[in-house]
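Below is one structure, written out as structure tokens; comments come after it.
Derivation of every value follows stated rules applied to the coordinates shown; laboratory data play no part. These numbers come from a predicted model, not from an experiment. Note that each Cβ is placed from the backbone with ideal geometry, even for glycine, and that neighbours are counted across all protein chains shown.
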Amino acid sequence: MIVLRNPALANFFDLCAISRPLPRHAGLPVGLMLVARNGHDDRLFRIAAALEQLLAS
């Protein structure tokens, strides 16, 4: 349930969401939640994958 804690608010409003951890340079861990309209899950996954590649370089 802890994994679904952050996206649950968006799901309550019939949106889709994905929470992605960001690289930690110092201090506490930070994450970024991306939210899209209902039915745009594929687009949201593509954006999250592109963000992951961008942050990996």
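Kirkwood Rh over Cα pairs of the chain into Stokes-Einstein at 4 °C, 1.567 mPa s: D in µm²/s?
Translational diffusion coefficient: 106 µm²/s.
Would you work out which of Ala10, Gln53, Pro23 lies farthest towards the positive end of the dipole of the chain, given +1 charges on the beta-carbon of Lys and Arg and -1 on that of Asp and Glu, about the Cα centre?
Pro23
What angle do you read, to the nearest 10 degrees and between 0 and 90, between the alpha-carbon axis of helix 41-56 and the longest principal axis of the chain?
Helix 41-56 sits at roughly 0 degrees to that axis.
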